[in-house]
Amino acid sequence: MSSLQNRVVIVTGASRGIGRAVAVRFGEAGAVVVAAARGNHADAVAEKIRGEGGRSSSVSVDVTDTKQIEAMVGMAIEEYGRIDVLVNNAGIVRDQLTMRMTAADWNAVIATNLTAAFTCSRTVLRPMLKQRSGRIINVGSVVGQMGNAGQSNYAATKAGLVGFSKALAREVATRGITVNVVAPGMIDTDMTSGLAKPAREAMLAQIPLGRLGTPDDIARAVGFLASDEAAYITGHVLAVNGGMYM
Ligand code: NDP
């Protein structure tokens, strides 16, 4: 990961779970980490990275708000002069069977998981195009690949991210920008901690490697796609799911 030294990286949803692990890993690799979440939620991870000798700023951003996204990117450019990597990680679930799903729950998930990735990507493209380099990594899900009852809104966003990433990858490839998806399986975070024991056990039974993933399992894959070692990989969906879906 030595190629990540001094790279300027924006991570959305950096306050907890996968995003936090991604931010910490980039910090350890010597990158400059802009850790984003709502309110002051990302302050602690930025402090941790600085406390370990790294460089990091936290930024308050609700990714459903275009103006806040533009302010975040503006701050990163003003403070660090460039943006090398964007990790679109912020995400939510609002699970319900489709017949009972409200439009509000459908729209909230689309806005946070899919539209925000579009808006953040569009906003970083200007500096990346100027630099003629950049990495955009979108956090998808195994659910976007195989579906899951009760998650039609969530599955639609995660499948949507794949199409979005492949289309954008083709648009910007000649400018040295790659766009990829990391698709986690079931990872032990706040998002999955609410699952009832039977549902959790049923999920575990579907995982050939026999355990839930950790946020670090995902952070390692994101770090790889951001590194020079992955320079020739674009439009790819990297499944990190313990074999849950092959
Ligand atoms: P968590 O629920 O632990 O964390 C979600 C993160 O998203 C938080 O940092 C939260 O920040 C942020 N976030 C949510 N809404 C917004 C918003 N409107 N604006 C800014 N930030 C927001 O989730 P995970 O770490 O588990 O998930 C991270 C990503 O990985 C998601 O995209 C998820 O879909 C995906 N994923 C997770 C899997 C799992 O099993 N856990 C499996 C497959 C994919 P805040 O502090 O502001 O709330």
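Every number here is computed from the coordinates shown, using simple stated rules; none is lab data. Because the structure is a prediction, the values reported are computed rather than measured. Cβ coordinates were reconstructed from backbone atoms using ideal geometry, including for glycine residues, and neighbour counts include every protein chain displayed.
Structure notes:
- Projected label distance in nm at Glu47 and Leu204, using a 7 Å step from Cα toward the beta-carbon: 3.5
- Think of each Lys and Arg Cβ as +1 and each Asp and Glu Cβ as -1; about the Cα centre, that makes the dipole of the chain roughly 400 debye.
- Full extension of the segment from Ser3 to Arg38, taken as 0.36 nm per residue of separation minus the current Cα-Cα distance, would add 9.6 nm.
- Secondary-structure-derived ellipticity at 222 nm for the chain, considering helices only, amounts to -13500 deg cm²/dmol, per-run term -39500 (n - 2.57) for DSSP H runs with n ≥ 4.
- For Ala14, the residues whose amide H sits under 5 Å from its own are Ala36, Ala37, ignoring neighbours fewer than 5 places away on the same chain, with H placed 1.01 Å from N.
- The packing ranking, built from the mean of other Cβ atoms within 10 Å per residue, places the peptides 198-205, 47-54 in the order 47-54, 198-205, highest first.
- Nearby aspartates and glutamates by direct alpha-carbon distance to Lys67 (threshold 19 angstrom, same-chain neighbours under 8 apart not counted): Glu78, Glu79
- Distance from the Cα centroid of segment 185-227 to that of segment 48-65 is 24 Å (rounded to whole angstrom).
- A simple spin-label model places pseudo-atoms 7 Å from Cα toward Cβ; at Phe224 and Thr174 they are separated by 3.1 nm.
- With R₀ set to 51 Å, the beta-carbon distance separating Lys130 from Met99 gives a calculated FRET efficiency near 0.60.
- Spatially proximal aspartates and glutamates relative to Lys197 (Cα-Cα < 14 Å; intrachain offsets below 8 disregarded): Asp188
- Per residue, the Cα convex hull of segment 2-237 amounts to 122 Å³.
- Estimated Rh, segment 76-180: Kirkwood, alpha-carbon pairs, angstrom: 14.5
- Normalised per residue, the volume of the convex hull around the Cα set of segment 181-220 (Å³): 75
- Taking the DSSP bridge list for the chain and keeping only pairs wholly inside it, about 0 percent are antiparallel.
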